[in-house]
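*Asks:* Once you've had a glance at the structure underneath, I'll fire off some questions.
The values are calculated or read from the model by the stated rules, or taken from the named source; none is laboratory data. The model shown is predicted, which means the values in this text are computed figures rather than measured ones. Backbone-built Cβ (ideal geometry, glycine too); neighbour counts: all protein chains shown.
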Amino acid sequence: MMDSSKRRALFRLMVEERKGLLMPGAFNALSARVAADAGFKSLYLSGAGVTNMYLGMPDLSFIGLSDMADHTSRVRDAVSLPLLVDADTGYGNAVNVAFAVRTLERAGADAIQLEDQVNPKKCGHFNGKDVIGTDEMVGKIRAAVDARTDPNLLIVARTDACAIHGYQAAIDRAHAFAEAGADVLFVEAVESLEEVEAMPSLLPRPLLMNIVIGGKTPALPQARLAELGFGIVLYANAGLQGAVLGMQKAFAALGATGMLEENPELVVPFAERQRLVDKARYDAMEKRYAAP
């Protein structure tokens, strides 16, 4: 596995190229393996994804730092790809943010996302959100920057102000976040195509564009977002939505017929499942360390 400092430095370079690095979301170690196997160059550990798949609950602040640190370490053990970890609001004030950054960095994060919602936060594409003051969020970002031990650990600063105070207020906040030391800026839930296209020319740092399937932001192809100069194109929960559909289809077929075989339209083969979890490596270990 690549040394963490080298991996973070490489990831920073990829983001700063502003060529629309396509990033899928993972919600556990196996989903991270599937994404890596599909050829993606980086991953996002989604707080919403962990909440949905781990607890079966909506993205309404039901998970905390220990949950995300645990999932981060499991994903890091499973894949060597650069990993952006969703840390929601930082789980408290600036002091809590500093602790969260240290904890997630040790767990294997290569970038940490923080947002300016009032705690408890909501999914960025839900109604009824609110945001803290700009000055308070600036303090959180400064605390995050000071807390990291590796200067190549990226701090991604998200604002949800667009839905509450409007587009220009969100742009103004993003400028303040950049001045506080944020490496990547994330303006959530922009609803106008023209505003999406204008953002890279308005802000001084690489931008993350979050495409939520069925959400508020109009989707553009990755190639177009790269042309506009976005640093990251995030599909935080595309894998989750695909996994749910797959489970629904498989369980519906099982319930309807009382039997399910290796139908490639419904399930992956048994051998493919073992390949994805790297069973051959454990077989080799078992043989190597067996008693003579």
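*Asks:* Confirm whether Asn119 is surrounded by 18 or more Cβ atoms within 10 Å (Cβ to Cβ), more than 21 Å from Lys216 (Cα to Cα) and either under 20 Å from the mean Cα position of the chain (by Cα) or modelled with pLDDT of 95 or more (or both).
*Replies:* On the way: surrounded by 18 or more Cβ atoms within 10 Å (Cβ to Cβ): no; more than 21 Å from Lys216 (Cα to Cα): yes; either under 20 Å from the mean Cα position of the chain (by Cα) or modelled with pLDDT of 95 or more (or both): yes.
The answer is no for Asn119.
*Asks:* Quick check on segment 149-177: of everything there that is part of a loop (DSSP other than H, G, I, E, B) and among the acidic types (Asp, Glu), which residue is surrounded by the most Cβ atoms within 10 Å (Cβ to Cβ)?
*Replies:* The initial filter retains those residues of segment 149-177 that are part of a loop (DSSP other than H, G, I, E, B), namely 149-153, 160-161, 166.
So of that shortlist, the ones also among the acidic types (Asp, Glu) come out as 150, 160.
Values: Asp150: 13, Asp160: 27.
Taking the candidates together, the pick is Asp160.
Conditions tested, residue by residue: (1) more than 23 Å from Phe186 (Cβ to Cβ); (2) in contact with a strand residue (DSSP E or B) (Cβ under 9 Å, 6 or more places away or on another chain).
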position: Met23; (1), (2): no, yes
position: Val34; (1), (2): yes, yes
position: Thr51; (1), (2): no, no
position: His71; (1), (2): no, yes
position: Thr89; (1), (2): no, yes
position: Phe99; (1), (2): no, no
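*Asks:* Lys279 is checked against (1) more than 34 Å from the chain's Cα centre (by Cα); (2) of a type in the set (D, E, K, R); (3) surrounded by 10 or more Cβ atoms within 10 Å (Cβ to Cβ) and fails just one. What number does that condition carry?
*Replies:* Among (1) more than 34 Å from the chain's Cα centre (by Cα); (2) of a type in the set (D, E, K, R); (3) surrounded by 10 or more Cβ atoms within 10 Å (Cβ to Cβ), the lone unmet condition for Lys279 is (1).
*Asks:* Which residue out of Gly64, Gly56, Gly39 is surrounded by fewer than 16 Cβ atoms within 10 Å (Cβ to Cβ) and closer than 21 Å to Val244 by Cβ? Even if it seems obvious, please write down each step before you answer.
*Replies:* On the way: Gly64 fails: closer than 21 Å to Val244 by Cβ; Gly39 fails: closer than 21 Å to Val244 by Cβ.
That would be Gly56, the only listed residue that is surrounded by fewer than 16 Cβ atoms within 10 Å (Cβ to Cβ) and closer than 21 Å to Val244 by Cβ.
*Asks:* OK, next. Determine which member of the set Ala111, Ala100, Ala143 is of a type in the set (A, V, I, L, M, F, W, C), touching a Pro at 6+ places or on another chain (Cβ under 8 Å) and surrounded by 20 or more Cβ atoms within 10 Å (Cβ to Cβ).
*Replies:* On the way: Ala100 fails: touching a Pro at 6+ places or on another chain (Cβ under 8 Å); Ala143 fails: touching a Pro at 6+ places or on another chain (Cβ under 8 Å).
The unique qualifying residue is Ala111.
*Asks:* Turning to a different aspect of this structure: Of these, Glu179, Glu195, Glu188, Glu227, which one is in contact with a helix residue (DSSP H, G or I) (Cβ under 6 Å, 6 or more places away or on another chain), assigned by TED's automatic domain parsing to the domain that holds Pro82 and acidic (Asp, Glu)?
*Replies:* On the way: Glu179 fails: in contact with a helix residue (DSSP H, G or I) (Cβ under 6 Å, 6 or more places away or on another chain); Glu188 fails: in contact with a helix residue (DSSP H, G or I) (Cβ under 6 Å, 6 or more places away or on another chain); Glu227 fails: in contact with a helix residue (DSSP H, G or I) (Cβ under 6 Å, 6 or more places away or on another chain).
That would be Glu195, the only listed residue that is in contact with a helix residue (DSSP H, G or I) (Cβ under 6 Å, 6 or more places away or on another chain), assigned by TED's automatic domain parsing to the domain that holds Pro82 and acidic (Asp, Glu).
*Asks:* To continue, here is another question. Every residue in segment 264-292 that is under 21 Å from Asp37 (Cβ atoms) and not in a helix (DSSP H, G or I), please.
*Replies:* Pro264, Glu265, Leu266, Val267, Val268, Pro269, Val277, Asp278
*Asks:* Those residues that are in contact (Cβ under 8 Å) with a residue 12 or more places away in the chain and not in a helix (DSSP H, G or I), I need them from segment 128-148; list them, please.
*Replies:* Lys129, Asp130, Val131, Ile132, Arg148
*Asks:* If you don't mind, another one. In this structure, is Val212 within 27 Å of Pro24 (Cβ to Cβ) and part of a loop (DSSP other than H, G, I, E, B)? Break it down stepwise before answering.
*Replies:* Values: within 27 Å of Pro24 (Cβ to Cβ): yes; part of a loop (DSSP other than H, G, I, E, B): yes.
It is true that Val212 is within 27 Å of Pro24 (Cβ to Cβ) and part of a loop (DSSP other than H, G, I, E, B).
*Asks:* While we're here: Residues that are exposed (fewer than 12 other Cβ atoms within 10 Å of the Cβ) and either without any contact (Cβ under 8 Å) to a residue 60 or more places away in the chain or among the hydroxyl-bearing types (Ser, Thr, Tyr) (or both): does segment 221-242 have at least one?
*Replies:* yes
*Asks:* State all residues of segment 178-196 that are buried (at least 24 other Cβ atoms within 10 Å of the Cβ) and free of Cβ contacts under 8 Å to residues at least 60 places away in the same chain; if no residue qualifies, say none.
*Replies:* Those that are buried (at least 24 other Cβ atoms within 10 Å of the Cβ) and free of Cβ contacts under 8 Å to residues at least 60 places away in the same chain: Ala182, Leu185, Val187.
*Asks:* Could you list all residues from segment 101-123 that are within 14 Å of Arg142 (Cα to Cα), assigned to a helix (DSSP H, G or I) and in contact with a strand residue (DSSP E or B) (Cβ under 6 Å, 6 or more places away or on another chain)?
*Replies:* As a first pass, look at segment 101-123 and keep what is within 14 Å of Arg142 (Cα to Cα): 101-102, 112-116.
Cutting the leftovers down to assigned to a helix (DSSP H, G or I) gives us 101-102.
If the condition is that a residue be within 14 Å of Arg142 (Cα to Cα), assigned to a helix (DSSP H, G or I) and in contact with a strand residue (DSSP E or B) (Cβ under 6 Å, 6 or more places away or on another chain), then Val101 is the only one that fits.
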